[in-house]
Amino acid sequence: MSRQTSDTSREDQDLTDLPPALRSADGVQPRPILWTITIVAITMSLFQMYTAGIEPLGLFYQRSAHLGFILFLAFLIFPVTGTARPRGSVGWIIDAICLTAAFLSGFYIFYFLDDIINRAGWWSRTDIVMGIIATLAVLEASRRVVGLGMTIIGLIAIAYALAGPRGALPGLGEWMPGILSHRGASVDRLIGQLYLGQEGIFGLPLGVAATYVFMFVLFGAFLEVTGAGKFFIDLAFAATGRKAGGPAKAAVIASAGMGSISGSAIANVVTTGAFTIPLMKKLGYKPKEAGGIEAAASTGGQITPPLMGAGAFLISEYTNVPYIDIVMVSIFPAILYLGTVYLFVHLVAMKASMTGLSAADLPIVRNVLAAGWQFIVPLVVLIYLLVNNISPTRVGFWAILSVIAVTAVRAGFTLIVLDPKNGTPLTLDRLKASILSGLALIAKALELGARNAVAVSVACAVAGIIVGVVGLTGLGLKFSSMMISLSGGSLPLALVFVLLASLILGMGLPVTAAYIVLIVLVGPALHNEFGVPLLIAHLVVFWYSQDSNVTPPIALAGFAGAAIAGSKPMETSMQAWKYAKGLYLIPAFMVFNPEIIMGGETWYVIWTGIIIVIGLVGFAAAIEGYLFTWMDTLSRLLVVPGVIAIFNPDELIEAAGALVVLALLAWNWLKSRRAQTITRTG
């Protein structure tokens with residue numbers, strides 16, 4: 001494929017607007033530190049693979065070792081002086097202290113676990129001191145890797161736990177409203193909860209990050225270094241490039257494919273966007289539209305199975321629903337979301353009379369598949385093992401081995417069969433060089449996987465602090481009471497509050513952490529008080545937690561898209577917010593029509609699927625003012641009550657709303673046919 005219009009490389013992009021986790025300090029790091037990072041990262045990945053596929057470790061052993069590795073890497077990769085300046089003498093002293101704290105944070109629990117368990121709550125002074133050191137290390141790592149916002153929220157949670165008449169900071173309790181007041185916790189009790197128990201730093205979020213998430217992130221790294229990203233992008237361009245708005249449609253499909261291996265909206269933007277955004281601009285999309293489309297499409301990667309940005313694993317652990325079931329029920333909603341973005345892209349292209357790319361600028365499907373068939377095999381292996389109820393951690397292990405195997409087979413076939421046919425003989429030197437190249441590729445993937453896991457694991461550790469405080473103070477029950485009181489028992493109003501809370505949390509927390517905190521606070525109310533099925537409550541909160549990627553004023557994926565497109569961040573974010581409207585509508589439909597997720601009579605499930613498609617098409621057409629041709633103002637206004645009626649669980653009201661929307665869309669189609677007839681005859 002010709003890439004003449006895709007000359008925007010990651011090195012050329014202005015990434016200063018991106019979160020710290022997407023920046024690298026490698027440019028100012030001394031070579032010995034870079035080698036140290038490589039060695040530690042590879043060692044961590046090998047340790048994780050060993051415990052995933054050969055010799056599993058106990059809960060606390062696995063999580064404490066994982067935390068030690070992650071914190072050590074975080075302080076090595078992100079200096080205290082920032083990513084643009086060398087450490088200097090003072091920086092080295094500070095980072096040496098942090099690296100020591102990182103090592104001790106994991107080593108102490110790993111080595112003295114039996115003694116700590118035997119003390120059964122009667123913590124020693126050393127236990128408490130080590131807990132304080134670990135908590136501070138986690139917060140500092142969060143500041144460097146994730147951002148100051150999450151660190152501040154973690155500190156507020158700690159201050160809240162210590163406030164109260166019996167707490168270490170009783171004065172703060174006087175400032176809290178009565179419903180938020182509690183008796184307060186001492187430092188010893190708080191540290192026991194956060195570091196020496198199963199509900200704090202070493203709780204469920206870090207447990208999921210240390211097992212399932214890491215293995216799938218490592219799996220994605222192996223696919224990335226072997227060229228799977230280019231394969232998915234080329235396949236998407238081959239499938240849609242000739243259609244109106246082809247590059248934008250390719251962005252939607254490629255982002256879904258990349259999402260299945262990366263699970264990160266921002267990572268999707270900076271990888272697929274480097275190719276798709278310049279092509280969209282060339283085709284006629286405004287820079288803000290190109291960046292917004294890529295941001296909205298990339299957000300779909302975080303709700304697209306199998307990885308779902310670590311969400312599927314967390315939902316599975318919290319609900320005790322098998323991971324494969326989470327994946328299966330998430331397929332149709334993900335298709336609906338990506339289909340909605342695709343439809344918006346199509347309508348914009350049709351309104352502007354855009355055409356696709358020429359055949360000369362596009363790859364041929366046959367050639368793409370011939371060059372990248374090996375990337376399909378690991379995905380088939382992954383799905384096969386999941387369907388057979390193999391542990392997700394072990395599935396990740398075997399999926400990684402399958403990537404190595406098929407890549408080696410492909411390289412060997414090329415070296416032994418194809419090259420000699422083309423006149424390049426096989427020699428011992430070429431064989432040695434090929435083997436060394438393969439080992440270097442494996443080492444690169446092992447390092448990249450560990451690096452990519454740093455941000456999500458640090459976020460999960462801080463989320464563990466917040467979850468631990470919620471459990472210690474009973475804040476979850478109080479928050480549920482507040483939510484019920486403010487909503488007046490109205491479920492639609494409660495969903496609006498959940499959406500607003502997710503947006504506010506998303507300004508300071510990454511998506512995974514926002515989901516964890518929000519589900520602990522509002523999940524019980526949605527399930528117990530409003531009667532929302534447990535799985536749907538988790539899916540709704542998880543979907544709404546994605547909105548910080550595309551919703552101003554803090555739209556991280558939108559900002560990344562703006563950096564590549566050369567557009568204004570806020571304008572790009574507004575476009576992303578428009579294209580990502582399915583992120584708000586589809587979860588609400590799940591709540592009022594749970595059969596789409598929970599199942600039921602076949603005819604009703606099919607009916608439910610059809611009417612949501614009708615509703616989303618009508619909504620997109622009303623927003624853009626175009627479907628088959630331009631829509632008049634009255635038609636756009638009448639679509640709105642029809643779409644609202646479709647969300648009603650009453651079958652008659654649903655049917656009436658669907659008929660209204662279908663009638664308006666049919667009228668629009670007739671207008672377009674009439675206009676075409678006049679054009680042909682006139």
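The values are calculated or read from the model by the stated rules, or taken from the named source; none is laboratory data. Quick caveat: nothing in here was measured; it's all calculated off a predicted structure. All Cβ positions, even for glycine, are placed from backbone atoms using ideal geometry, and neighbour counts span all protein chains on display. Note: areas computed on protein heavy atoms with side chains; ligands, DNA, RNA excluded. Shrake-Rupley method; radii C 1.70, N 1.55, O 1.52, S 1.80 Å.
Structure notes:
- Test for Phe344: is it modelled with pLDDT of 85 or more and open to solvent by 20 Å² or more (accessible area, probe 1.4 Å): no
- Residues located in segment 214-242, provided they are of a type in the set (Val, Ile, Thr) and in contact with a Phe, Trp or Tyr (Cβ under 6 Å, 6 or more places away or on another chain): Ile233
- Scanning segment 327-342 for residues being touching a residue at least 40 places away in the same chain (Cβ under 8 Å) and over 18 Å from Ile610 (Cα atoms) gives a total of 1.
- The residues in segment 424-451 that are in contact with a Ser or Thr (Cβ under 8 Å, 6 or more places away or on another chain) and either among the β-branched types (Val, Ile, Thr) or within 21 Å of Ala137 (Cβ to Cβ) (or both) can be counted, and the count is 1.
- Residues in segment 571-623 that are crowded, with 17+ Cβ neighbours inside 10 Å and in a loop (DSSP other than H, G, I, E, B): Ala580, Lys581, Asn593, Pro594.
- With respect to the stated conditions, Asn367 fails to be within 17 Å of Ala52 (Cβ to Cβ) and either loosely packed, with under 15 Cβ neighbours inside 10 Å or in contact with a strand residue (DSSP E or B) (Cβ under 8 Å, 6 or more places away or on another chain) (or both).
- Taken over segment 578-591, the criterion of being among the aromatic types (Phe, Trp, Tyr) and touching a residue at least 60 places away in the same chain (Cβ under 8 Å) is satisfied by Tyr579, Tyr584.
- Within segment 149-163, being surrounded by fewer than 23 Cβ atoms within 10 Å (Cβ to Cβ) and without any contact (Cβ under 8 Å) to a residue 24 or more places away in the chain holds for Leu155, Ile156, Ala159.
- Gly372 open to solvent by less than 20 Å² (accessible area, probe 1.4 Å), assigned to a helix (DSSP H, G or I) and not charged (D, E, K, R): yes
- Number of residues in segment 272-306 that are of a type in the set (Lys, Arg) and either over 13 Å from Gly245 (Cβ atoms) or open to solvent by less than 20 Å² (accessible area, probe 1.4 Å) (or both): the value is 1.
- Among the residues making up segment 457-473, those that are open to solvent by less than 30 Å² (accessible area, probe 1.4 Å) and farther than 15 Å from Gly523 by Cβ are Ser457, Val458, Ala459, Cys460, Ala461, Val462, Gly464, Ile465, Gly468, Val469, Thr473.
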